[in-house]
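**Student:** Got a structure for you, questions after.
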Amino acid sequence: MGPASQGRSAGSGSADRDAQRGGGGGPVRRHAGGDGAVAGRLRRAGGAALAERWRAAGVAVTLGDRGVLLTRPGGGTPMLIPAPFRAGGDPCGAGDCFAATAVAALADGLLPEEALQRAVTAAAAFVAAGGAGNPELWETPAVPGPGRGPAADAADAFALAESVRARGGTVVATGGCFDLVHAGHVGLLESARRIGDCLIVCLNSDASVTRRKGAGRPLNPAADRARVLAALGSVDAVVVFEEDTPVPVLERLRPDVWVKGGDYSVQDLPEAEVLRGWGGQAVVLPYLDGRSTTLLARRAADAAAVAVRSGEE
């Protein structure tokens, strides 16, 4: 996102003209490139006025390489969504990239804040890659192969493992349901990552979790669980598997180390024998006591029951 998009409201080419007329509120002038407090107040007022004029839930006002301002009708506190980095280059087309990405994200079911964050990141990357002058934009993309579902990023996990091995690094993997990620999970993943040069999480699919945990599980679908894990700094890649055990996916990943947490014995881990086939090893790391998805779910259910009883009294 660059200076050419400053002061524009995403989603309509007439946004600046309406903002300058006030959109039903006071007069607002366009201050392209203005960084002062006055310009910020004008953008907030203009965005809120446009939201009221258009009867919209919100209006996104792009701020160039500073990100985007999400304003809502009624003059409430706007939300600033900053760009992930300051991209230098030709900003031509950044606004179109931002708008298209935001619309697609909203169509995918993301919240407005999430959609705008994705759009800001896409626009910044677009500018950093050369903008409309990037020759890769005019190349025909390869058509992805069939069979891509919740494990759509699996190819990245396998490619990462091969890359780390090729440069002599250590590939570490762990697995589980990770239905509600809690402090015990986070501590285990951080410890596992310190063992080697990358950490790949093998994640049970929804059907696999149901077979293991019973009806009512998982609480979160595989796509959401994978997204949460991928957002952790300790996790380099996530691969979803459909089987009851991760053995088939481990035979493809061929990690050097397989990590489990808790009161396990290495000899009792079915994965240990598999890893020995290519010289790998299984290890058990300490795990925080009293942390589990089952306990969290039970406490949440108890709290909900108390809230219901309190409301009836």
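The values are calculated or read from the model by the stated rules, or taken from the named source; none is laboratory data. These figures come from a predicted structure and were not determined experimentally. Surface accessibility is based on the protein's heavy atoms, side chains included, excluding ligands, DNA and RNA. Shrake-Rupley method; radii C 1.70, N 1.55, O 1.52, S 1.80 Å.
**Student:** Taking all protein chains as present, what is the carbon and sulfur share of the accessible area of the stretch 183-279, in % to the nearest whole number, probe 1.4 Å?
**Tutor:** Looking at the stretch 183-279 in its full context, I get 46 percent from C and S.
**Student:** Counting only heavy atoms of protein chains, what accessible area per residue, in Å², does the stretch 209-271 have with a probe of 1.4 Å?
**Tutor:** 53
**Student:** Next question, about the same structure. Which far-off residues, 5 or more places away or on another chain, put their amide H under 5 Å from the one on Val238, with H placed in the peptide plane?
**Tutor:** Val201
**Student:** So how much slack lies between Glu242 and Arg211, counting 0.36 nm per residue of separation and subtracting their Cα-Cα distance, in nm? Working shown, then result.
**Tutor:** Details: separation 31, 0.36 × 31 = 11.16 nm, distance 1.05 nm.
Between Glu242 and Arg211, full extension yields an extra 10.1 nm.
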